[in-house]
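The structure appears right after this line, and notes come after that.
Just so you know, all these numbers are worked out from the coordinates, no wet-lab data involved. Everything numeric in this text was worked out from a predicted model, so none of it was measured. Positions of Cβ are generated from backbone atoms using ideal geometry, with glycine treated the same way; all protein chains shown enter the neighbour counts.
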Ligand code: FAD
């Protein structure tokens, strides 16, 4: 209930203004967001690398609204990838892209053209991009753009949200050799017609998807903090004789850092999703929706300001 209200509030300008100035917001943000600039994020990535962890960088921002903002987001991603290239990080550092930040909702071709430039920059830097999955209205368009991009940039990663009723079918379509597929539960508000809404149904769908991806020939990217699902993913990988470098775990920056290190110490590939930038609002609200307990601190600080 609280989670649904938080996801609805993610679109509210009023809530945004209150939260932007609440001291508690800054505290929670510092935990989940690696800083405002690409350099801040790369420094966080260096620290993670010291612990044996890989990174995917997410320059925060979504729903461009107009072409100028879509262009600015594109330039931001190009700048990040130039820095990754200059540091010679290669595939240890990849980028996660939100197509709505590149203008997807204004014009699909514009988003595709912007994403192409970013994928080319990733290739020049010796790495690749993963297309984040966003709200249910964008799923079909994102899959079309993915297919186009993969013609020239086959390493482009896909994301499947297990809460989608079609998730298992999507995994089956995407589980082919060379196909990198991130499996997550799904973070956006979604109606019952297209998505499972009960926790257990989502978890069961996640396990069905894991089975498809782990038996397939692609490169599964297991994006969850859920201890039970992490354990099941490991068991399935062993059952199907997967080498550690044929799949990876992915966790968010600031979430279960001990678990990130534990998995890496066991020899697993672990990639941390490092969010950075000033457009933090939507990301922040989705994290609060997942752990509403964090909301209490933010609201207390807003009320006592
Ligand atoms: P939850 O159901 O949130 O939690 C299950 C259990 O995990 C909890 O009971 C607890 O034991 C443990 N846990 C969870 N959070 C914490 C915490 N903060 N501290 C301690 N224990 C915790 N969503 C999208 O819609 N599109 C995307 O492209 C996308 N990309 C993602 C990329 C990565 C790398 C990750 C990790 C998530 C991504 N998500 C994305 C978000 C995802 O869909 C979920 O909303 C989010 O991961 C929360 O689900 P969960 O699997 O961690 O399990």
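Given a cut-off of under 8 Å on Cα pairs at least six residues apart, what relative contact order in percent is computed for the chain? Don't skip to the answer; put the middle values down first.
Details: 525 pairs, mean separation 80.8, N = 305.
Relative contact order comes out at 26 percent.
Sum -39500 (n - 2.57) across every DSSP H segment of at least 4 residues in the chain, then divide by the residue count to get the 222 nm mean residue ellipticity, nearest 500. Kindly include the intermediate steps, with their values, before the conclusion.
Details: 13 runs with 160 residues, N = 305.
Computed ellipticity for the chain at 222 nm equals -16500 deg cm²/dmol.
What FRET efficiency do you get for residue 204 and residue 258 if R0 is 25 Å and r is their Cβ-Cβ distance, rounded to the nearest 0.05? Mind dumping the intermediate values first?
On the way: r = 27 Å, r/R0 = 1.09.
FRET efficiency, residue 204 to residue 258: 0.40.
Determine the percent antiparallel among the DSSP beta bridges restricted to the stretch 37-279, to the nearest 5. Show your work: numbers first, answer last.
Values: 1 of 30 bridges.
Counting DSSP beta bridges with both partners in the stretch 37-279, the antiparallel share is about 5 percent.
When 145, 84 are ordered from fewest to most other Cβ atoms inside 10 Å of their Cβ, what list results?
Numbers: 145 23, 84 27.
In order of increasing Cβ crowding within 10 Å: 145, 84.
Counting residues in the stretch 37-279 as N, plug N into 2.2 N^0.38 Å and put the Cα Rg over that result. The partial results should precede the final answer.
Values: Rg = 16.9 Å, N = 243, 2.2 N^0.38 = 17.7 Å.
The stretch 37-279 yields a ratio of 0.95.
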